[in-house]
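First the structure, in the form of structure tokens, and then the observations on it.
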Amino acid sequence: MFPSFITWDINPDIIDSFVTIRWYGLMFAIGFWIGFNIVARMFKREGVPERWLGILLIYVGVATIVGARLGHVFFYQWDYYSAHPWKILATWEGGLASHGGAIGIIIAVILFSIFTTRRNPLWTFDRLTIAIAFVACLIRIGNLMNSEIFGIPTELPWGFKFVRSEEWHRLYYGLACHPTQIYEALTYLALFGLMMWMYWKKNCGERPGLLFGTFLIGTFGSRFLIEFIKNDQVAFEAAMEYNMGQLLSIPFVLLGIFLIVWAFTHKREAIAYPNCFAPEPNDKLKK
């Protein structure tokens, strides 16, 4: 028997003393650590230089935070931040947008490809997005721990009452709401599993763009659908037929469709799998 509702009363702080550690930050850090190791295994499998890993981590780490913050500023609350520009740096007050983070990562990977790998950016995208799918799952769990980004009221037995949320008390007090954070987390976890199977069992990395396209459709297609039952993030969305998250998802889904068609209409590129990192130039000289 399911309960009639679930009262969600989790403290978002793990430790709140002279230093504060929050579940959201922990999920973010765990995701980056696991994601880094996943990418490391793929890079080693394909025999590329190990130093690329550290460079990519810096590019992606900075791009994710800066892009997500600026995405929230420009897409959701430009009226406020244009009048209070110093608040843009106040990330501890909340306000990150996944679409902005995606744009930041795209720019970072292009720069990484130009200055480091000298390869088609699709090579990096295809591998990196597998890890990002897992990170996205953990970030949504972090949102759940924060009692934020939840859905509209529901009578389904797994509805949550977010009793620590001021927004829930203001809008829906007494009503259970869709735990859309869980819906998205499960979707991203399933996408991660699919992409790992595609890469490790089907060698889909040999079709440039296929994994990246799958990620874009799976991530932003599900985001578009879940937004129908998600609470508006900002007030102006109430007057919109499709909210900002949905409008921003459409170009990514279309790009994903294009990439999958591209992958299957171009020749498969065979990859050797030495399962060891490529030696650096100095290593070759020593030999």
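The values are calculated or read from the model by the stated rules, or taken from the named source; none is laboratory data. Since the structure is predicted, the reported quantities are computational estimates derived from the model, not experimental observations. In this analysis, Cβ positions are derived from the backbone assuming ideal geometry, glycine residues included, and neighbour counts consider all displayed protein chains. Side chains included, ligands, DNA and RNA excluded: accessible areas come from the protein's heavy atoms. Shrake-Rupley method; radii C 1.70, N 1.55, O 1.52, S 1.80 Å.
The angle separating the long axis of helix 121-145 from the principal Cα axis of greatest extent in the chain is about 30 degrees. Ligands, DNA and RNA excluded, the heavy atoms of residue 240 present near 60 Å² of accessible surface to a 1.4 Å solvent probe. Of the candidates 29, 68, 239, which one comes out as most mobile in a Gaussian network treatment of the chain with C-alpha springs shorter than 10 Å? Of the options given, 239 has the highest mean-square fluctuation. Identify which of 154, 124, 64 has the largest mean-square fluctuation in a Gaussian network model of the chain, with springs joining Cα atoms closer than 10 Å. Between 154, 124, 64, it is 154 that shows the largest mean-square fluctuation. Taking 0.36 nm per residue of separation and subtracting the Cα-Cα distance, full extension of the segment from residue 51 to residue 156 would add 32.8 nm.
Model label points for residue 34 and residue 89, set 7 angstrom from Cα along the Cα-to-Cβ axis, are 3.4 nm apart. Here the chain carries DSSP beta bridges of which approximately 60% are antiparallel, counting only pairs with both residues inside. Run the count for the chain, please: Lys pairs, Cα-Cα under 28 angstrom, 8 or more apart or on different chains. Value for the chain: 10.
Subtracting the Cα-Cα distance from 0.36 nm times the residue separation, let me have the gained length for residue 254 to residue 74 in nm, one decimal. If you can, show how the numbers build up before the last one.
Numbers: separation 180, 0.36 × 180 = 64.80 nm, distance 2.22 nm.
Length gained between residue 254 and residue 74: 62.6 nm.
A Cβ-based charge dipole, computed about the Cα centre of region 134-277 with Lys and Arg at +1 and Asp and Glu at -1, lands at about 600 debye.
In the chain, the longest principal axis of the Cα atoms and the axis of helix 180-200 are about 10 degrees apart. Averaged over residues, the count of other Cβ atoms within 10 Å places the peptides 35-45, 270-280, 128-138 in the sequence 128-138, 35-45, 270-280, highest first.
Oblate is the label for region 1-124, because the ratio a/c of its alpha-carbon gyration tensor axes (a ≥ b ≥ c) is 1.5 or higher and a/b is not greater than b/c. Using the rule -39500 (n - 2.57) for each DSSP H run of four or more residues, divided by the residues of the chain, the 222 nm mean residue ellipticity is -19500 deg cm²/dmol.
Ignoring any ligand, DNA or RNA, what whole percent of the accessible area of the chain comes from carbon and sulfur when the probe is 1.4 angstrom?
On the chain, the fraction of accessible area on carbon and sulfur atoms equals 68 percent.
Each of the peptides 78-85, 19-26 was scored by the mean count of other Cβ atoms within 10 Å over its residues; in descending order, highest first, they stand as 19-26, 78-85. Relative to the longest principal axis of the Cα atoms of the chain, the long axis of helix 244-265 makes an angle of roughly 30 degrees. Ordering 177-185, 114-122, 10-18 by mean Cβ neighbour count within 10 Å, with the highest value first, yields 177-185, 114-122, 10-18. The Cα-based radius of gyration and maximum Cα-Cα distance (Dmax) for the chain are 20.6, 71 Å.
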